[in-house]
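Inspection log for the structure reproduced underneath, given as structure tokens.
The values are calculated or read from the model by the stated rules, or taken from the named source; none is laboratory data. The shown structure was predicted, so the numbers you read here are calculated from the model rather than taken from an experiment. Cβ: placed from backbone, ideal geometry, glycine included. Neighbour counts: every protein chain shown. Accessible surface areas use protein heavy atoms only, side chains included; no ligands, DNA or RNA. Shrake-Rupley method; radii C 1.70, N 1.55, O 1.52, S 1.80 Å.
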Amino acid sequence: MLRVVSWNINGIRSPLQGVGYEEPSNCTATAVGHILDKLDADIVCLQETKVTRDALTEPLAIIEGYNSYFSFSRNRSGYSGVATFCKDSATPVAAEEGLSGLLATQNGDVGCYGNMDEFTQEELRALDSEGRALLTQHKIRTWEGKEKTLTLINVYCPHADPGKPERLTFKMRFYRLLQIRAEALLAAGSHVIILGDLNTAHRPIDHWDAANLECFEEDPGRKWMDGLLSNLGCQAGSYTGSFIDSYRCFQPKQKGAFTCWSTVSGARHLNYGSRLDYVLGDRTLVIDTFQASFLLPEVMGSDHCPVGAVLSVSSVPAKQCPPLCTRFLPEFAGTQLKILRFLVHLEQDPEFKQSALQLTNQTQAQVRQNKARVRSARSRSSQAGTTRGQKKLMSYFQPSSTHPQASSNLELPNLGALVTPRTSEEEVMANVVEGQPKASEAKVAKEVQTSFWKSLLGGPSPMPLCEGHREPCVMRTVKKPGPNRGRHF
């Protein structure tokens, strides 16, 4: 048997005491492991985890006996998010975050995206940016011994705030994307289960006060579910959609079967709620393999209760977890992080790329020119040197190959901050070279070196004269506390 459970947990880091486990809130990680054991499911899908990757801790993400997969909100911290915990005996063969494929890593993904031409890239990115969908694909074996593929879509569908019409549009577009992806997986030959918080009470029996709600049947979300689901439960021949509401298949007339209650008015005690959480399976899978579908209203700890189903199949675990598994995250894998993982790749427009390429070409040309000049200078230095052993400092400051050897424009390092302003290095060397045009190169180099170091180590410049009295000025130092303290004037 394969048992799957879904639960909107309303914050995975909050204290969880709904299954008879009472510990301080700092033992959250241990509480999650205990809850997974109490639910006793092969696959547990959680919604509204309200955790981002930077806040995910290793004890919370890696539970002994399970392999976990998380989808995080990329827009807001402490918002949305889903997670799937699979027992090691039900390890998936593939796992993927999001419905559009834009978050796929091309390694261990589920695939089968369908025709999404009606969506723009920006719209798909926005629909997947809130961490509302997570897919895991499993191998199952029927009682006949046949191996088949089962894809679980763990979803936390958006809530349509009456005061924000754009959120209703967002919700309906998310529904449409979910349906396209699920039907594409069905067309590819995989069985599909959609489970989680769909944020819509489908029929009047699924809401405690449906009779007093205006235009209950005209709600866009309910109309979408009408097209997604079969009309008459498990009855063959009368259905329009590809999926079946598994709970209504087994309990078609059960009243008061709610999964969500308001926490403000204490509605759970009076059972004034609605059924927002579902386990939807494709028609063939539900009819052939579903043994039961249940609610667990006695489980506290959230404003929702868990829902689940039991299938008469066995799981065939994969030999290795998919790359999306949290144990492979660098922060949990026990490997040292590289600095490149903290850098974000920026998308560059064509004009910027072209200008950057031109700048790179210019820089490379300049580097080649400088290297050629250095090689030329080194060759002349080796030919002109008359002594052997350690090279002289001035051998690295030779004239450019494009100028005559006795030119007055010798290239020297920019030491303006060290050389006294009365004489520059270039002037001193130029005067020496011009004064002795017929001297040997070695003698010229020696005299230039001597003059250069004399100018460099000649000491500070003499004090300037007062413009009025023509007397040497006196240097003063600022002693008053402040930013100018210690400065000379």
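Taking every protein chain into account, the accessible area of region 2-338 amounts to 43 square angstrom per residue (probe 1.4 Å). If I model a spin label at residue 1 and residue 40 as a point 7 Å from the Cα along the Cα→Cβ vector, what separation in nanometres do I get? My value for the distance between the label points is 0.8 nm.
Overall shape: rounded for region 2-338, with the ratio a/c of the largest to smallest alpha carbon gyration tensor axis below 1.5.
Taking a straight Cα-Cα cut-off under 20 Å and skipping sequence neighbours fewer than 8 places away in the same chain, the aspartates and glutamates within cross-link reach of residue 319 are 42, 64, 88, 96, 109, 147. Stretched out straight at 0.36 nm per residue, the stretch from residue 270 to residue 213 would grow longer than its current Cα-Cα span by 18.6 nm. Between residue 291 and residue 463, the simple label model (points 7 Å from Cα in the Cβ direction) yields a spacing of 10.4 nm.
Given a 1.4 angstrom probe, I'd like the percentage of the accessible area of region 135-193 that is carbon and sulfur, rounded to a whole number.
Roughly 52 percent, rounded to a whole number.
The modelled label-to-label distance between residue 479 and residue 396, using points 7 Å beyond Cα along the C-beta direction, is 4.4 nm. Take residue 144, project a point 7 Å from its Cα along the Cβ direction, then tell me which residues of region 292-325 have their backbone nitrogen under 19 Å from it. Answer for this model: 311-316.
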